[in-house]
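Structure, as structure tokens:
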Amino acid sequence: MTTTQFSSEERNRYKAKAYAAANANSPLASITIPRRDPGEHDVQIEILFCGICHSDLHTVRNEWSAIPTVYPCVPGHEIIGRVNKVGSAVTKFKPGDIAAVGCLVDSDGSCPECQAGFEQYCHNMTLTYNSPDVHLGGVTYGGYSDSIVVKDHFVLRVPSNLDLAGAAPLLCAGITTYSPMRHWGVTKGKKVGVVGLGGLGHMAVKIAHALGAHVVVFTTALNKKEDALRLGADEVVISRNTDQMRKHEGSFDFILDAVSAEHDINSYLRLLCRDGNMTLVGAPDKPHAVAAFSLILKRRSLSGSNIGGIAETQEMLDFCGKNNITAEVEVIPIQKVNEAYDRLSKADVKYRFSVDMASLKSQ
Ligand SMILES: [Zn+2]
Ligand SMILES: [Zn+2]
């Protein structure tokens with residue numbers, strides 16, 4: 001076969017073990033799913049660890065009206081594994097290599113976004129799960145599985161010094177916080193705020209600290225102070241304390257807002273200096289109210305950011321390798337995933353669950 005485009009009938013498939021939700025209300029349970037046999041540009045990966053992202057929970061429960069969930073749904077886009085097999089045209093990987101897959105497994109490669117290395121903004125990108133699967137029909141299945149087959153361009157190399165369970169969350173939480181900080185010029189000497197110390201926020205603190213910034217964590221929970229300092233924060237501000245907040249007015253170069261619950265963003269915008277930027281990576285259900293003067297008075301800007309491109313994700317992994325940065329994880333067997341979801345919905349995790357996929361073998 002000379003073409004790389006396969007119709008769903010042409011492509012041979014094999015069976016993989018996975019955990020899936022059958023509908024928006026059912027717990028995740030063991031299932032067998034089809035995976036394509038690797039084509040010439042494909043990498044087949046035995047999955048070792050998969051992080052549990054808040055998006056997994058939202059998708060499983062069909063909470064995003066813009067992207068309705070197709071069931072069965074196999075979530076997971078923080079994937080670390082060992083290369084099992086590569087196609088004949090793959091040069092970047094060989095069997096035995098440690099490799100990673102994040103939120104994207106394909107894009108058109110030809111639009112201006114892809115050409116510029118911003119695959120995450122491509123109109124035709126294929127998400128790692130719950131996106132139409134051009135190879136097999138149906139939708140793509142994510143990392144709560146014993147294996148996955150992904151086009152080589154979307155497979156990342158993992159620095160050998162990183163703990164693999166802790167490295168998995170870098171593929172979403174890590175790049176989601178790294179990308180806007182790089183875009184908005186967070187470097188040594190800059191003053192950076194991080195709003196919310198959860199899965200994303202704790203990565204932001206570690207990365208901003210390693211970039212050399214002066215890091216201030218905003219939290220509502222006084223009991224997170226010690227942890228924030230241990231993770232690399234220079235200061236912790238209790239956001240309800242208006243005196244503490246006022247002291248920082250007009251002083252921040254950049255603030256990353258990782259909170260998905262409703263909150264007043266004007267109280268943070270006022271803390272930005274002239275030309276300072278605040279980037280949203282959390283997505284509350286209701287629209288934010290923005291007072292125009294919060295922006296006008298010091299030419300401040302408010303923006304959003306969505307994960308990162310493939311080249312930038314590799315850059316982030318290499319940066320984390322150099323600085324020995326991984327997520328703080330609680331490693332669980334796949335059989336505990338439903339319990340983990342319950343705890344995640346109550347923000348009861350420090351700071352990410354990472355599923356040890358060896359547990360799926362005994363299933
Ligand atoms: Zn995610
Ligand atoms: Zn594109």
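Scanning the stretch 86-99 finds no residues that are outside any loop (DSSP other than H, G, I, E, B), open to solvent by less than 50 Å² (accessible area, probe 1.4 Å) and under 30 Å from residue 261 (Cα atoms). What number of residues within the stretch 97-141 are within 16 Å of ligand 2 (Cβ to nearest atom), among the small types (Gly, Ala, Ser) and out of contact with any strand residue (DSSP E or B) (no Cβ under 8 Å at 6 or more places or on another chain)? So the answer is 4. Residues in the stretch 332-355 that are touching a residue at least 60 places away in the same chain (Cβ under 8 Å) and surrounded by fewer than 17 Cβ atoms within 10 Å (Cβ to Cβ): 338, 345, 347, 350. Here residue 47 clears all of (1) part of a loop (DSSP other than H, G, I, E, B); (2) in contact with a Gly (Cβ under 6 Å, 6 or more places away or on another chain) except the condition numbered (1).
Those residues that are polar (S, T, N, Q) and within 17 Å of the chain's Cα centre (by Cα), I need them from the stretch 300-344; list them, please. Even if it seems obvious, please write down each step before you answer.
Start the filter on the stretch 300-344 by keeping residues that are polar (S, T, N, Q), which leaves 301, 303, 305-306, 313-314, 323-324, 326, 335, 338.
Hits for the stretch 300-344 are 305, 306, 313, 314, 326.
Please count how many residues of the stretch 44-62 are among the charged types (D, E, K, R) and within 14 Å of ligand 1 (Cβ to nearest atom).
As a first pass, look at the stretch 44-62 and keep what is among the charged types (D, E, K, R): 46, 56, 61.
When the remaining residues are screened for being within 14 Å of ligand 1 (Cβ to nearest atom), the result is 56.
Matching residues across the stretch 44-62 total 1.
The residues of the stretch 123-168 that are within 16 Å of ligand 1 (Cβ to nearest atom), more than 20 Å from residue 355 (Cα to Cα) and part of a loop (DSSP other than H, G, I, E, B), listed by number, are 125, 131. Only one entry of 209, 214, 202 meets the criterion of being touching an Asp or Glu at 6+ places or on another chain (Cβ under 7 Å) and open to solvent by 10 Å² or more (accessible area, probe 1.4 Å), and that entry is 214. Taken over the stretch 117-137, the criterion of being open to solvent by 60 Å² or more (accessible area, probe 1.4 Å) and in contact (Cβ under 8 Å) with a residue 12 or more places away in the chain is satisfied by 118, 121, 123, 124, 134.
For the stretch 302-325, filtered to residues that are open to solvent by 20 Å² or more (accessible area, probe 1.4 Å) and farther than 20 Å from residue 107 by Cα, the residue that is farthest from ligand 2 (Cβ to nearest atom) is 324.
The values are calculated or read from the model by the stated rules, or taken from the named source; none is laboratory data. These numbers come from a predicted model, not from an experiment. Here Cβ is always computed from backbone atoms with ideal geometry, including for glycine, and neighbour counts include all displayed protein chains. Note: areas computed on protein heavy atoms with side chains; ligands, DNA, RNA excluded. Shrake-Rupley method; radii C 1.70, N 1.55, O 1.52, S 1.80 Å.
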